[in-house]
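The values are calculated or read from the model by the stated rules, or taken from the named source; none is laboratory data. Note that this is a predicted model, so its numbers are computed, not measured. As a convention, Cβ positions derive from the backbone with ideal geometry for all residues, glycine included, and neighbour counts pool all protein chains shown. What goes into the accessible areas is simple: the full protein's heavy atoms, side chains included, and nothing from ligands, DNA or RNA. Shrake-Rupley method; radii C 1.70, N 1.55, O 1.52, S 1.80 Å.
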Amino acid sequence: MTDNLAGLVRAAARSRPGGPALIFRSERISWAELDARVDRAAAALIGLGLHSGDRVALQSGNTPQFAIGYFGTLRAGLVSVPLNPGYTGRELRHVLADSGARALLTSDGGAESAGSIRADLPDLDHVVVADGSTGAAAAHGVPHFDELLAAVPGASVRDVGGGEDLAVLMYTSGTSGAPKGAMLSHRALLANLDQVSRIEPAVLGRDDVLLLVLPLFHVYGLNPGLGMLAYHAATGVLVERFNPHDTLALLHRHGVTSVLGAPPMWIAWSMQPDLAERFSSVRLALSGSAPLPADALRRVAELTGLQVFEGYGLTETAPVLTSTLMSDIPKPDSIGRPIPGVEVKLVDEQGDEVDEDDHGELVVRGGNLFSGYWPDGAGGPDGEGWWATGDIAFADQDTDLHLVDRRTELILVSGFNVYPREVEAVLMAHPGIAEAAVIGVPDPLTGEAVKAVIVAEAGAQLTAETVVAHCERSLARFKCPSVFEFLADLPHTVAGKVCKGQLRSAAAAAESAR
């Protein structure tokens with residue numbers, strides 16, 4: 001087995017050269033063709049003067065260009081930094097500056113944003129339009145990815161590096177609110193693919209057709225999706241934007257057998273009248289990123305006869321830790337049991353294992369763990385390989401795990417991390433806001449929604465619409481508040497901190513009274 005993740009593409013090309021790797025719109029790319037394009041991408045990046053360990057930011061939707069850029073970066077011994085295409089200039093500036101990225105493969109809009117902030121990014125030597133038109137690239141005065149690929153010879157490029165070398169720098173919000181880079185080595189990513197592949201029944205095989213609808217820039221779409229596809233030389237159907245009706249049509253058209261989705265997708269699919277017909281080819285249904293409501297689980301099961309199996313993991317664990325596939329009987333409110341090769345324990349505040357049925361922090365160990373946070377590896381596993389997730393859980397009498405709380409204030413919107421402090425900082429930059437607090441509240445479609453509780457400056461005329469417009473200039477859409485409450489003042493502790501517990505209790509009481 002290769003110790004460089006890009007070697008999976010080479011192995012797939014050798015075992016199934018003519019087999020379809022990616023289906024995108026009307027295009028079908030074989031594994032041999034994908035491997036050749038990855039070679040060209042690696043050669044093109046090296047031709048830009050990039051060296052082993054340099055960071056390459058990849059800001060693209062679910063297109064072949066993402067896969068080619070991602071695996072090409074890894075084959076060249078470079079580090080991939082996947083970025084949300086919805087990032088604002090402010091968010092893009094932070095990640096590019098913090099990572100010291102030397103190259104950015106992006107879209108038309110990303111090239112425009114990068115152009116406006118490039119003066120603040122002394123390390124950024126190259127901006128390339130990979131997900132967009134050649135005309136737009138020319139308009140921005142930057143090269144197009146296809147032009148770079150066409151300019152290099154078609155010779156095979158040797159995989160550079162692997163093992164403990166850094167492969168992916170995946171940014172995830174930290175407790176301070178500023179996104180920080182989780183350092184994922186080739187070893188960690190490959191270990192998780194091996195761990196998931198040891199689950200029975202098999203999650204994926206070479207004859208499977210996998211729906212790639214989860215964003216590839218998100219860790220769940222990147223490794224369990226794109227990485228697992230290459231690991232098994234299966235076929236992937238790329239979906240740029242989720243639409244329940246359109247994705248169901250693609251499922252039916254291409255005979256999709258395995259679906260990896262997030263709760264909002266399953267909720268939307270469960271409400272489609274033709275779900276049973278469209279899911280007729282599906283043998284395995286998986287959900288991750290956030291808890292899936294029991295009602296959606298029940299509706300899918302009733303309409304299709306399929307059990308949606310849930311998984312739990314984190315960016316720092318590459319990402320899968322547990323799955324209800326490992327349980328004797330999957331339970332709607334459970335995250336299942338550890339997958340092969342992953343150890344877990346529940347500990348109290350002193351680090352001692354809790355008694356049976358007690359709640360404790362979930363601490364994990366396995367070859368899939370990250371190498372700490374960029375750039376110095378701080379916050380990684382301890383000397384014995386254990387890492388504390390920050391999630392509170394308990395094990396029931398069947399040893400199935402159940403999440404009950406998070407030690408942090410993390411809000412999960414459709415499986416994406418939102419930290420209140422980042423949103424609060426943006427809100428407090430509004431001249432009409434005197435004080436603001438952000439909490440998560442339940443949402444039937446996204447799992448949680450971002451709620452802003454705001455105290456206006458004297459005389460200020462604030463509305464939800466004006467506050468949202470202000471936030472959208474600095475935050476990706478999923479981070480922007482969608483629920484608002486305007487108060488005369490906020491509750492505080494004697495130390496002056498906002499009593500968010502009171503705000504959450506009041507929000508829960510209001511919800512139950514509806």
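Overview of values
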item	result
Number of the exception - Gly132 against (1) over 25 Å from the mean Cα position of the chain (by Cα); (2) open to solvent by less than 60 Å² (accessible area, probe 1.4 Å)	(1)
Test set (1) in a helix (DSSP H, G or I); (2) open to solvent by less than 30 Å² (accessible area, probe 1.4 Å) - Tyr231 fails condition number	(2)
Qualifying residue in segment 88-95 (condition: touching a strand residue (DSSP E or B) at 6+ places or on another chain (Cβ under 7 Å) and under 18 Å from Phe145 (Cα atoms))	no
Test: residue in segment 468-480 that is within 19 Å of Thr88 (Cα to Cα), in contact with a helix residue (DSSP H, G or I) (Cβ under 7 Å, 6 or more places away or on another chain) and of a type in the set (S, T, N, Q)	yes
Number of the exception - Ser156 against (1) touching a residue at least 40 places away in the same chain (Cβ under 8 Å); (2) touching a strand residue (DSSP E or B) at 6+ places or on another chain (Cβ under 9 Å)	(2)
Options Gly225, Gly305; residue that is free of Cβ contacts under 8 Å to residues at least 40 places away in the same chain, open to solvent by less than 10 Å² (accessible area, probe 1.4 Å) and of a type outside the set (Phe, Trp, Tyr)	Gly225
Candidate set: segment 453-507, residues that are among the acidic types (Asp, Glu) and part of a loop (DSSP other than H, G, I, E, B); chosen: the one most open to solvent (accessible area, probe 1.4 Å)	Asp489
Conditions (1) under 15 Å from Ile68 (Cα atoms); (2) in a strand (DSSP E or B); (3) touching a Lys or Arg at 6+ places or on another chain (Cβ under 9 Å); number of the one not met by Ser156	(2)
Scope segment 254-288; condition assigned to a loop (DSSP other than H, G, I, E, B) and either farther than 26 Å from Arg206 by Cβ or at pLDDT 95 or above (or both); matching residues	Gly255, Val256, Thr257, Met271, Gln272, Pro273, Asp274, Phe279, Ser280, Ser281, Val282, Arg283
Qualifying residue in segment 98-105 (condition: open to solvent by less than 30 Å² (accessible area, probe 1.4 Å), at negative phi and in contact with an Asp or Glu (Cβ under 7 Å, 6 or more places away or on another chain))	yes
Lone unmet requirement of (1) in a loop (DSSP other than H, G, I, E, B); (2) closer than 16 Å to Phe217 by Cβ for Val81	(1)
One residue from Leu124, Leu148, Leu45 being modelled with pLDDT of 95 or more, over 25 Å from Leu190 (Cβ atoms), over 21 Å from the mean Cα position of the chain (by Cα) and in a helix (DSSP H, G or I)	Leu148
